[in-house]
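K.L.:
Structure below; questions to follow.
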Amino acid sequence: MVTESGKSHLERYSGEFGAAFASPPGFSVAGGLANVTAALVGDWTLSVADRAGQDLRAALQGAQRLRLDLTQMGRLDTAGALSVLGAAGDRLDLSTVQGRPELTRLLDLVSRAAGQRAPEVRRPHDLHALVISVGRGAVGLWSEVGATLAFAHHVTVGLITSLAHPQRFRWAAWTTQVERAGLDAIPIVATTSFFIGAVVGLLGVHMLQRFGAQVFVVELIGVAVLREFAVIITAVLLAGRSASAFAAELGSMRMQQEIDALRVLGVDPIEALVLPRLGGLIITMPLLTFVAVLSGLLGGMLITWSTLGLAPAFFLQRIVDNVGVTHLWVGLSKAPIMAAVIAGIGCRQGLEVGGDVQSLGRRVTAAVVHAIFAIIMIDAAFALAYMELNI
C-alpha cells in the first residue's frame, strides 16, 4: 500500500508559502501499488509547483498505475501541469483524470507539447545558401529603392508646399541647422583640407622632380584641390558628422514617439524636421567647400614655398593664369547635390529607426556608409559628364 495523508504536505507548504498563497499546493495518495489514486489540492503554480512535484514523485515510488483527482485543485498553470506530469510519468492515463474541464485540457495540452520534438533545422548546401543570400539581397535592394523614392516624393511635396506658403518656413530651425552644419564644421574642414593640400604638394614635388618639371606642381595642386579634393573631403566629413547626427536625432525622436506626437498635433515631420536639415546643409556645403579650397591651396603653397622656394605670389599667379576659375566652379557645382543626398540619407535612415537601440545603431551606421557611397557615385557621374562636355 502506498498511502499518505495530505495533511502533512498542506502544513508544510502553508508554513513556507502561506503568506504569499491563500491555498498552498498539497496532495493525498491512496490505494495499492497496482492502482494508485492521487488527489491534488491547492494552487499548483510556478513558484511552488517544482517542490510539490518532487514530493509527489517520491510518494508515487513503486506505483504501477495512477489516477488523478483534481476536484479539489485550485489554480493550475503550465509549470504546475508540467510538474504533475513529470511526477506521474507513464503511469498516468489522461482519460481517467477527474476535475474541472479547464484543468484536464491544460494537462492534455502540456502533455502533447512536452512530447513534441523540436523540428530539425536543415542547413542548406553552399550553393543553396548562396542563392538564398543573393535573393534576399536583391529583395532588400528593391525595397530600399522603393523606400528611397517614397521618401524623395514626400520631401519634394513638402518643399513645394513650403515654397507655395512661405509663412510655413521654420526660419529658427533653418538658422540652427546652418550654424550646426556650417559654422561648427569650419575648423575640421579647414584643417583636413590643409593637410590634404600639403600631401598633394609633397607627392607632386617628389614625382615631378624626377623629370625636372617640379614647377608644374602648382597646377597639380590647383586642379586637384579646386576640382576634386575640396568638395570630396567636405562631403565625406559632413557625411560622418551631419548624416550621422541627423539619423541619431530623428531616430531618438522616433524611439520616444515624438514624431508620432507631431503627426497627432497636425505637424508634418517632413516640413518640421527634414526640410530645415536639408536646406541648412545645401546652404552651408558650398561655403564649406570654398573654405576647403582656400585651406587646401594654403597647404600646397606652404609646401612649394618650403621645398621648392616658390614664392606665394608666384604660386597664386600660376593658379590664376594656368588653372583658372573653371575648376573652382566645377567643384562648387557638385556641392549642393552632395549636400542634398547626404541630408536626405541621414534623415531617411533616422525616420526608419525601430523601437530598440540596436536599430538606432544600425541606421546611424547605414546613414554614414550610404552617404559616403553616394558621394563617390555622384563624383564619378559628374566626372563622366564634365568629360563628355570637355570641361
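A short reminder: the numbers here are calculations on the coordinates, not readings from a lab. Please read all numbers here as calculations on a predicted model, not as lab measurements. All Cβ positions, glycine included, derive from the backbone under ideal geometry; neighbour counts span all protein chains shown.
K.L.:
For the modelled label position 7 Å from the Cα of Ala152 along Cα-to-Cβ, which residues of the stretch 370-391 have backbone nitrogen atoms closer than 17 Å?
P.N.:
Backbone N within reach: 370-382.
K.L.:
Right, another one. All other residues with a Cβ under 11 Å from the Cβ of Met73 taken together, and with Lys, Arg as +1 and Asp, Glu as -1, what is their net charge? All intermediate terms of the calculation are to be shown ahead of the outcome.
P.N.:
On the way: positive: Arg75, Arg100; negative: Asp43, Asp69, Glu102.
It works out to a net charge of -1.
K.L.:
Using only the Cα atoms of the stretch 37-104, construct the convex hull and provide its projected area averaged over every direction, in square nanometres to one decimal.
P.N.:
Values: hull surface 15.7 nm².
With the hull built on Cα positions only, its mean projection is 3.9 nm².
K.L.:
Could I ask something else about it? What order do you get for 140-148, 262-270 when each peptide is scored by the mean count of other beta carbon atoms within 10 Å, highest first?
P.N.:
Details: 140-148: 11.2, 262-270: 13.3.
Descending packing order for the listed peptides: 262-270, 140-148.
K.L.:
Sorted by average packing, counted as other Cβ atoms within 10 angstrom per residue and highest first, what order do 158-169, 370-381, 354-365 take? It would help to have the intermediate numbers written out before the result.
P.N.:
Details: 158-169: 12.2, 370-381: 16.8, 354-365: 14.7.
So the peptides 158-169, 370-381, 354-365, ranked by packing, come out 370-381, 354-365, 158-169.
K.L.:
Give, in nm to one decimal, the length gained when the segment between Gln64 and Thr96 is fully stretched (0.36 nm per residue of separation minus the Cα-Cα distance). Walk me through the numbers on the way to the answer.
P.N.:
Numbers: separation 32, 0.36 × 32 = 11.52 nm, distance 1.47 nm.
That works out to 10.1 nm of additional length.
K.L.:
To continue, here is another question. Ranked from highest to lowest mean number of other Cβ atoms within 10 Å per residue, what is the order of the peptides 47-60, 233-246? Spell out each step's value before the answer.
P.N.:
Numbers: 47-60: 18.3, 233-246: 23.9.
Order by mean packing, descending: 233-246, 47-60.
K.L.:
Would you mind checking which residues have amide H under 5 Å from Asn35's amide H? H placed 1.01 Å from N; only 5 or more apart, or other chain.
P.N.:
Distant-sequence amide H within range of Asn35: Gln64, Arg65.
K.L.:
Which residue, Gln349, Gln214, Gln98, has the most motion in a Gaussian network model of the chain that connects Cα atoms within less than 10 Å?
P.N.:
Taking springs between Cα atoms under 10 Å, the residue moving most is Gln98.
K.L.:
For the chain, modelled as a GNM with alpha-carbon contacts under 10 angstrom, which of Gly201, Gly300, Gly31 fluctuates the most?
P.N.:
Gly31
K.L.:
Now for a separate question. Under 11 Å from a point 7 Å along the Cα-to-Cβ line of Asn322: which residues of the stretch 211-238 have their amide N that close?
P.N.:
Backbone N within reach: 213-223.
K.L.:
Quick one: Debye curve from the C-alpha atoms of the chain, no solvent, what's log10 I(q)/I(0) at q = 0.08, 0.09, 0.14 Å⁻¹?
P.N.:
-0.66, -0.72, -1.10
K.L.:
Right, here's the next one. How large is ³J(HN,Hα), in whole Hz, for each residue of the stretch 180-190 in order, when computed from phi with the Karplus curve 6.51 cos²θ - 1.76 cosθ + 1.60 and θ = phi - 60°, using x for Gly and Pro?
P.N.:
Computed from phi, the couplings for the stretch 180-190 are 5, 7, x, 4, 5, 8, 4, x, 5, 5, 5 Hz.
K.L.:
Assuming 0.36 nm per residue, please report the length gained on full extension of the stretch Ser133 to Leu208 beyond their Cα-Cα distance.
P.N.:
Taking Ser133 through Leu208 to full extension adds about 22.1 nm, to one decimal.
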